[in-house]
Amino acid sequence: MKIINPATEEVITTIPDDTKESIRQKFKLLTEGQRVWASVSLPERIAAIEKFWSLLDTEKDVLAETLTKEMGKPLQQSYNELNGARNRIRYFIDHSEKHLAEEWITEEGGTKEKIVFDPLGVIANISAWNYPYLVGVNVFIPALIGGNAVFYKPSEYTSLTGTHILELLHKAGIPSDCFQLAIGKKEVGELLLDLPLDGYFFTGSYKTGKYIAEKVASKLVPCQLELGGKDPMYVMEDVEVAKAAADALEGVVYNNGQSCCAVERIYVHQKIYDAFVQSYVEQCSKLTLGDPLTKGTDIGPLARPEQREFLLSQISDAIFKGAAVLHGGNLPEKKGYFLEPTVLVNVDHTMDVMMEESFGPVVGIQKVASDKEAIELMKDTKYGLTAAVYSKDFDRAEKVMKAMNTGSVYWNCCDRVSASLPWSGRKASGLGSTLSYQGIRAFVQPKAYHLRG
Ligand code: NAD
């Protein structure tokens with residue numbers, strides 16, 4: 001498999017894919033390794049994860065550079081991602097013992113009762129490329145702490161990062177027969193679906209997630225999905241316009257617009273619509289697009305060439321239906337999968353750009369006359385990941401948040417994930433939760449003890 005730098009289109013290196021036979025051997029190894037790992041004490045398992053947490057810091061320069069080279073995010077954002085991943089790991093280190101401890105329900109009387117949390121077994125972690133550390137640690141860290149073995153399939157666009165993760169986990173003391181990689185494209189992912197694994201934890205697109213859920217349904221094992229979104233932001237008329245526009249812009253373009261909870265559509269109250277659009281475009285035009293390894297670059301290339309074609313098709317669909325481009329919309333004349341950050345106005349819900357996940361630095365801004373209209377438009381989606389509202393008035397904002405059928409809601413913030421809160425999507429955005437105590441318990445199964453004597 002060729003690993004390509006999306007900023008230069010050059011081949012960084014070539015690595016071998018896994019085969020049916022190598023996957024079978026790794027599965028056998030993991031099955032044996034898991035039995036031993038489950039008998040290692042919880043504090044010892046956590047101690048190995050703590051070592052990994054330290055190594056991510058010691059090795060951060062090489063890890064950040066690899067990530068930027070293989071998927072194109074600006075280097076500072078690679079460092080930010082590593083830092084964010086360490087914060088999440090720290091949460092799991094500090095909270096797992098409490099949430100995995102056996103729980104006495106009845107300690108007196110003829111029958112004593114308690115709950116014990118057993119590992120699931122060997123689980124698949126099929127992952128995405130946009131935040132390989134962040135979305136990876138949501139799964140493999142609590143899974144390992146819980147006594148599972150992990151078959152980790154990094155995305156084919158971040159395989160080198162996947163290899164770094166493997167090396168550092170093993171160096172930290174996670175036995176090599178408890179964490180293995182499946183390297184390759186979707187065909188290698190398919191091989192994991194054919195194995196009798198004890199759980200499937202997927203991060204990626206709605207299309208693949210739905211396919212995987214259907215394919216593994218008959219196994220009757222847990223299947224969790226963290227999928228895409230079309231996350232709205234509503235800006236009320238009482239905000240500080242430049243600040244709200246700055247937040248919106250960051251929510252749209254951070255990670256080159258390739259965040260599952262990126263701001264994907266903006267609704268602005270008519271009283272400040274013109275001022276907001278002007279401020280957004282002004283700030284957008286100051287962003288620097290270029291080599292993601294160079295300091296000061298705000299926007300790098302997209303990770304995949306097909307995504308550029310997809311975004312261009314969303315932009316032309318919108319223009320055809322009456323939208324105007326106020327900024328961007330072009331491919332810069334340089335090598336690499338770059339696309340200028342794009343601002344569309346005169347948009348409506350007949351346009352793909354307001355209905356289908358863009359996953360790039362492109363946004364439509366729509367004028368609304370009331371909170372009621374904003375709520376209706378925000379809810380007009382098949383997705384349900386996050387929704388943001390900006391206002392000084394909490395009571396008004398709360399009404400909007402309560403109306404959303406999404407896993408997360410934001411007041412005066414956006415594009416944010418917290419390790420202490422459950423991360424979950426509804427409808428086409430996913431199934432199940434990671435992070436928080438729910439994301440610790442997601443990788444174990446309760447066993448009920450009824451004890452007499
Ligand atoms: P993708 O669905 O193309 O691929 C995800 C993973 O699935 C990759 O490792 C890929 O090789 C594998 N895969 C593809 N087809 C498969 C098959 N038939 N069987 C088994 N495995 C298969 O998604 P992507 O492009 O890597 O990621 C982008 C998507 O992920 C976006 O929609 C984004 O919103 C979403 N995402 C969601 C979250 C979240 O937390 N909700 C986080 C990050 C990304």
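Here are some notes:
- Cleavage-rule hits, trypsin sites (Lys or Arg not before Pro), region 231-278, DSSP coil, Cβ neighbours within 10 Å at most 14: 271
- Protection proxy ranking of 235-242, 152-159 - average other beta-carbon atoms within 10 Å, highest first: 152-159, 235-242
- Between amide H atoms placed 1.01 Å from N, distances below 5 Å from residue 445 occur with 118, 120, all of them 5 or more places distant or on a separate chain.
- Accessible surface of residue 41 - all protein chains present, 1.4 Å probe, nearest 10 Å²: 50
- Region 266-275 - phi-based ³J(HN,Hα) in whole Hz, Karplus 6.51/-1.76/1.60, Gly and Pro as x: 10, 10, 10, 4, 4, 5, 10, 3, 4, 5
- Largest to smallest accessible area among 413, 284 [probe 1.4 Å]: 413, 284
- Separation of region 119-148 and region 190-210, taken as the distance between their Cα centroids, equals 12 angstrom.
- Applying both filters, DSSP loop and at most 13 other Cβ atoms within 10 Å, to the trypsin sites (Lys or Arg not before Pro) of region 383-453 gives 392, 416.
- Listed by chain and number, the lysines placed with their C-alpha closer than 28 angstrom to that of residue 321 are 207, 230, 271, 367, 372, 379, 382, 427; residues fewer than eight positions away on the same chain are left out.
- Accessible surface for region 231-418, divided over its residues, is 41 Å² per residue with a 1.4 Å probe.
- Probe 1.4 Å, accessible area per residue of region 114-194, Å²: 23
- Taking amide H as placed 1.01 Å from N in the peptide plane, the amide H of residue 13 sits under 5 Å from that of 3, each at least 5 places away or on another chain.
- Loop-resident trypsin sites (Lys or Arg not before Pro) (DSSP state other than H, G, I, E or B) in region 283-347 with no more than 11 further Cβ atoms inside 10 Å of their Cβ: 286, 295.
- Between residue 362 and 342, the built amide H atoms are under 5 Å apart, and every one of these is 5 or more places off in sequence or on another chain.
- Couplings for region 425-436, taken from phi via the Karplus curve 6.51 cos²θ - 1.76 cosθ + 1.60 with θ = phi - 60°, read x, 10, 6, 6, 8, x, 8, x, 10, 10, 6, 6 Hz in order; Gly and Pro are left as x.
- Scalar couplings 3J(HN,Hα) for region 301-310, obtained by applying the Karplus form with A = 6.51, B = -1.76, C = 1.60 to θ = phi - 60°, are x, 6, 6, 10, x, 4, 5, 5, 5, 4 Hz; x denotes Gly and Pro.
- Rolling a 1.4 Å probe over the protein heavy atoms of the chain, with every protein chain left in place, gives an accessible area that is 52 percent carbon and sulfur.
- Region 241-285 and region 394-419 have their alpha-carbon centroids 17 Å apart.
- Pairs from the list 20/69; 153/392; 286/399 with a Cα-Cα gap above 32 Å: 153/392; 286/399.
The values are calculated or read from the model by the stated rules, or taken from the named source; none is laboratory data. Since this is a predicted model, take the numbers as computed values, not measurements. Positions of Cβ are generated from backbone atoms using ideal geometry, with glycine treated the same way; all protein chains shown enter the neighbour counts. For accessibility, only protein heavy atoms count, side chains too; no ligands or nucleic acids. Shrake-Rupley method; radii C 1.70, N 1.55, O 1.52, S 1.80 Å.
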